[in-house]
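I have placed the structure first, in the form of structure tokens, so that the comments after it can refer back to it.
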Amino acid sequence: PGTSTPMATRQRESSITSCSSASSCDADDEGVRGTCEDASLCKRFAVSIGYWHDPYIQHFVRLSKERKAPEINRGYFARVHGVSQLTKAFLRKTECHCQIINLGAGMDTTFWRLKDEDLLPSKYFEVDFPMIVTRKLHSIKLPTLLIAECVLVYMTPEQSASLLKWAANSFEAAMFINYEQVNMGDRFGQIMIENLRRRQCDLAGVETCKSLESQKERLLSNGWETASAVDMMELYNRLPRAEVSRIESLEFLDEMELLEQLMRHYCLCWATKGGNELGLKEITY
């Protein structure tokens with residue numbers, strides 16, 4: 001959009017996941033790639049009815065004729081708000097002398113929204129499938145923020161552990177933000193898994209999503225010094241009341257229990273390493 005081009009390279013390296021052949025890789029990844037389209041359409045719809053302001057998403061995603069359910073829209077509002085607040089906190093702590101690596105970025109518009117607020121980091125990288133993006137990821141040694149939204153859950157626990165360990169070992173001062181499922185051992189979680197499986201989308205890493213504690217432990221056991229996690233209902237309840245009143249007036253939601261069930265099965269986790277002089281350990285939501 002406009003004349004802005006992100007300082008981004010976008011290439012998922014082959015070491016993250018392995019396939020026996022190019023054709024089997026494409027088949028295995030098709031369901032995962034489809035989630036990019038789903039999430040983008042949901043965000044585009046929520047923006048179109050006023051949940052948050054994003055003038056750039058329209059350049060990447062068509063507006064679906066299908067109306068999304070209120071609980072879906074509020075869930076995405078909480079997701080976008082939560083990730084955005086933590087991202088901005090990191091940028092302010094580092095005075096933007098840092099880099100961001102957005103894993104599985106898809107059609108995310110964070111770069112342009114940060115630019116509008118004069119909060120661009122020194123460098124901004126996005127990583128995704130080769131067919132979604134074109135250039136390779138570069139590594140540098142500034143303070144680094146890595147973002148993964150519904151990415152690690154599609155890897156096996158061993159693969160996500162390798163990625164987390166690589167990140168912890170590669171950067172002296174860093175923060176990792178992870179948004180994905182949690183509390184997946186109950187009946188609601190099993191239904192979510194079954195629904196995705198019917199769409200040929202397997203959650204290979206779901207065993208790491210048992211609880212907030214298991215989410216934090218995965219980060220701590222792979223080289224990160226601090227780890228925190230909240231489920232999205234807790235995060236939603238911490239949102240500014242004026243903002244909650246505003247978005248809840250946009251649409252009527254007759255089943256608050258459904259929203260709560262959904263939000264209890266997603267979480268926002270963040271971990272830090274180094275950066276003591278920057279106060280990275282103090283970042284919280």
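The values are calculated or read from the model by the stated rules, or taken from the named source; none is laboratory data. Note that the structure is predicted; figures quoted are calculated from it, not measured. Because the Cβ atoms are built from the backbone with ideal geometry, glycine has one as well, and the counts that use them run over all protein chains shown. In case anyone asks, the SASA skips ligands and DNA or RNA and just uses the protein heavy atoms, side chains included. Shrake-Rupley method; radii C 1.70, N 1.55, O 1.52, S 1.80 Å.
Annotations for the structure displayed:
- Only Lys, Arg (+1) and Asp, Glu (-1) charged, at Cβ; the chain dipole about Cα centre in debye: 600
- Taking max minus min of the alpha-carbon positions on each principal axis, the range 182-264 gives extents of 42, 37, 19 Å, largest first.
- Restricting the range 168-253 to GluC sites (Glu not before Pro) in coil, as DSSP defines it, with at most 14 other Cβ within 10 Å: E172
- Peptide ranges 142-150, 257-265, 70-78 listed from the most packed, as the mean C-beta count within 10 angstrom indicates: 142-150, 70-78, 257-265
- Karplus 3J(HN,Hα) series, Hz, for the range 210-218 with 6.51 cos²θ - 1.76 cosθ + 1.60 (x for Gly, Pro): 5, 7, 4, 5, 5, 5, 5, 4, 4
- Using a probe of 1.4 angstrom and keeping all protein chains present, the accessible surface of the chain works out to 47 square angstrom per residue.
- Whichever lysines have a C-alpha closer than 30 Å to that of K88, once near sequence neighbours (fewer than 8 apart) are set aside: K43, K68, K115, K123, K136, K141, K165, K210, K216, K273, K281
- Heavy-atom accessible surface of the chain: percent carbon and sulfur, 1.4 Å: 50
- Amide H within-cut-off set for N102, under 5 Å, with H built and near neighbours excluded: F125, E126, V127, I147
- Shown is the FRET efficiency for N169 and E194, computed with R0 = 30 Å from the Cβ-Cβ distance and rounded to the nearest 0.05: 0.25.
- Modelled label positions at L250 and S211, each set 7 Å beyond Cα in the direction of Cβ, lie 3.5 nm from each other.
- Translational diffusion of the chain, estimated by Stokes-Einstein from the Kirkwood radius over alpha carbon pairs at 25 °C in a medium of 0.890 mPa s, is 126 µm² per second.
- In Hz, Karplus ³J(HN,Hα) per residue of the range 276-283 (6.51, -1.76, 1.60; θ = phi - 60°; x = Gly, Pro): 4, 5, 8, x, 4, 5, 7, 5
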